[in-house]
Each structure stands twice: as C-alpha cells, then as structure tokens.
1. Taking only Cα atoms, what is the 0 to 90° angle, nearest 10, from helix 142-151's long axis to the longest principal axis of the chain?
2. Quick one: go through segment 346-368 and flag any residue whose amide nitrogen is under 16 Å from the point 7 Å out along the Cα-to-Cβ line of Gln387.
3. Search the structure for amide H atoms under 5 Å from the amide H of Met282, placed 1.01 Å from N in the peptide plane, and list their residues when 5 or more places away or on another chain.
4. Please report how far the C-alpha centroid of segment 240-257 lies from that of segment 134-191, rounded to the nearest whole angstrom.
5. When the Cα centres of segment 72-133 and segment 306-352 are compared, how far apart do they sit, in Å?
6. Which of the pairs Lys38/Lys71; Lys38/Lys324; Lys38/Lys138; Lys324/Lys365; Lys241/Lys365 have their Cα atoms more than 23 Å apart in this structure?
7. Can you tell me the alpha carbon radius of gyration of segment 38-252 divided by the globular rule-of-thumb value 2.2 N^0.38 Å?
8. Rounded to the nearest 10 degrees, what's the angle between the helix 111-122 long axis and the longest principal axis of the chain, both from Cα atoms, 0 to 90?
Amino acid sequence: MSRALTPSPSSHGSGTPHPATGLPSGSLAGRVRVPGDKSVSHRSLILGALSLGETQITGLLEGEDVLNTAKACAQLGATVERIGEGHWRVEGVGVGGFRAPDEMLDFGNSGTGVRLMMGAVAGTPITATFDGDASLRKRPMRRVLDPLTAMGVEVVSAAEGGRLPLRLRGLAELSAFTYETPVPSAQVKSAVLLAGLAAAGETVVREREATRDHTERMLTHFGAQVQVEPFGPHGRIITLKGRPTLTGAPVVVPSDPSSAAFPLVAALLVPGSDVVITDMMMNPLRIGLVTTLLDMGADITILAERTEGGEAVADLRVRHSRLKGVEVPPERAPAMIDEYPILAVAAAFAEGRTTMRGLSELRVKESDRLAAVADGLGVCGVVLEVQGDDLVVEGAAQVRGGGPVATHMDHRIAMAFLVMGLASSEGVAIDDTTFIATSFPTFMPMMRGLGAQIA
C-alpha cells in the first residue's frame, strides 16, 4: 500500500513542548535494532529519483527529516511510494529530469535533505524554492551556494546571509568544477557531486579531512564512475565523470551509528547493563565514537561482521564499563561529528579529563551544539570548559543531574541528556522531546524496552 507523503511544517516546534525526564535506572538489557541510517536514507531517495527505473529501498528511516526528502522527490516528479514498514519504492526521472515543483520544498529540520537536494536540483533547468523550520532557517547555506553558483546555478532570492528561504534556478548542463571544501562537510561534498552529475567532463572535490563517503559509494552503486584517491595525511580527492545514466538499484539501509550511540552509551554508563545492538553500520568514516569509547576502556565486543548493501555492518555487545578520560584528536571529528553530545555525556562519568578538539562544526548544526552541550553539562553539575573550538570535561564517578536542560530544538541534545539522566543520581529533565522524531522516532519506547526509566 502506498503512503501519502506530507512534510512537517516549517513552523514545527512552535506548538506545545513535550518535556521529559531521564530517571536513575536499573541495569539495561536486551537486543535492539535502531532505525535505518539517516545519511543513507536521504541519499537512497535522492539517487533513486535521479535514476531511470525502479529503486527498492528496505530499512529506510521513517523519521520526519527523511520523510520530507521523500516528499520533495515526489514534488520534483519522481514516484515515491511506501510499500510497508521501512520498505519504499522510487521510480526515478533520470539526471536532469526533475520538473518544477508547484509548491516550495519544505525540509523541516533537515540540513542534510536541503543541502543535498540543492545539488540534485542544480542540474535541471527549473526554479525551486527551498525552506525549513525556524532552526533550519538559522543554519548556513552559503557553503553550498558558493560552489553551486560557480558551476552556473543562479540564486534568485535568499534570506540574509544566504539562508533559507531561498530560490534557485538550475541549468541543463553545468560547468565541470574542481573544488576544495573549506570545512570538513559531507553535505557540501555531496551537493557538489550531485550537481556534477549534470556537468560535462569531470567534477573534482578535494577534502583535507575525509568525511562520510556514502554519496561516493551510492553513486557507484547506481552506475556513476567515481574515483577516490588519498589527499594529504587525512584527506581524499573524489572525481566524478559527468552525464552518466543512473539506473535504479536496490538499497538496504543499515542501522544508523549516530542513533545507536544513545543506547550504546546508556549501556556503558548504567551499572549492570548488557545490551546487543544489531546491524549497525561500521563504515570506517562513521565509527569515530566507537573508536573513542574503546580508547576510554569501553567493553564493546564487535560480532558478526559482514557487508550489506555495500556497507560494513556488525552487531555490538555493550556492557557497563568504567571509562577513563582521553584526548580526542581533531582529525577524528568528521567520523563522529553528530556523536559529540553523547560522547560529552560519557566523558562526564569517566575518570579524569576528556578533551575533545576541533569542534567548530558543532556550532552550525541543528543548534550551536557546542554551547548547548556545555550549558546542559553545567546545569547537571559537571565541571567543564570551552576553549575556543575545544570542549574539556572533568569526569566524575557520580553526576548529580538536574535541569531542565534547554534542547534548542535539537534531537541529539534531547536524547543525550535523557541518557545522562539514567546514570545520574537525581535524573535529568529536558525542556522538549518533540524533535527526537526527526531522526529516531522509536527512541523512547526502545529505551524503555531496555529498562530505562524515562518519565
């Protein structure tokens, strides 16, 4: 049965907040599979829409962010249908085949969805308006607009500073382009590569810090020619041959490591816990948190390693551990940029000091996550210091808790501090859980099923 696609409105979050409290909990136990990876879910829909023929997607994350991308693909002319839970069908229109949408493309809270879709729309001679909620309207879009306009895209209108809402006019054939990303950003890289599908010749992206490579992998899966080479000590050069014919292909979406981070850290922090997280993506550019937690002494056993849909996958057994503070190098940030809020929570319970370096990108996420994490830790009695773009947390065996912690319409801040409450002495209250649905709609029932006390 197909499902009608409806976006979350741009005013999302302006209604009644839904506060919650993570309470001190007994041991967590069970076997869980977190929802599908958000990055792969967005890309499977977009590349399915840019392909000819049918793409069957299983394990798709059905959070609001991804549903808004699905809605946008349908508005642009692709056929997008929900067959069953996590099972979707996309009938694409091919590179350059999008039609002009009748209404604005509303991406709600999703920076990934809007930035990637700007690149996808760039290679079609249509005009489209992009918008989002109050949080997304604050996030920087110039980093994507600059390379796209260099390739020939016209910014018809935009809010101050190149922010949403904005209106773009694409071209049937863009200029091939060589671009070095000024900041480590998989979203910027992906937008340029998606635009490069409509460019004659080769589009080249250089990144000094390698970022998640799902776009490169999936482009190859759909039939594009992509070459990846080393660039300096930590970077990569990605070369895409333009004007390919993409062909629909099946996609199996693995579990999202950014979502798995929350039950994973909860199991490490709550005494007596023993939890298995199944089918988690183990892409080397996505497991910086696991690497860091192992450095901290975490009891994590990697089981049943395998490959599914072109991505490395494994099951993780996680048991309560006494963690120790470490220094997290800045070059690891791209592999765990979304996991720093929950890492900061883990650091609060570790023995000694944890220093997380090079966190500038946290300032331009759904909220200023660096400030939001620091404020939340302070409310809960944790000793910390922000030094420029570095966060230093002084760990303690016991964290008091407190609240309410301001979540700033940010799903990862909300989930991180609910997890902190489970291991604290007094619990942690947060001001709003509404935005958890953007990435992890089953978070609350899943955590309660493991034994977490969330009121």
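Laboratory data are not the source of any read-out in this text; all were calculated from the coordinates shown. Keep in mind that what you see is a predicted model, and the values were worked out from it rather than measured. We place every Cβ from the backbone using ideal geometry, glycine too, and count neighbours over all the protein chains shown.
1. The angle comes out at about 20 degrees.
2. Answer for this model: 352-360.
3. Ala312, Val313, Ala314
4. 22
5. Cα centroid of segment 72-133 versus Cα centroid of segment 306-352: 33 Å apart.
6. Long pairs (Cα-Cα over 23 Å): Lys38/Lys324; Lys324/Lys365; Lys241/Lys365.
7. With N residues counted in segment 38-252, Rg over 2.2 N^0.38 Å equals 0.92.
8. It is inclined by approximately 10 degrees.
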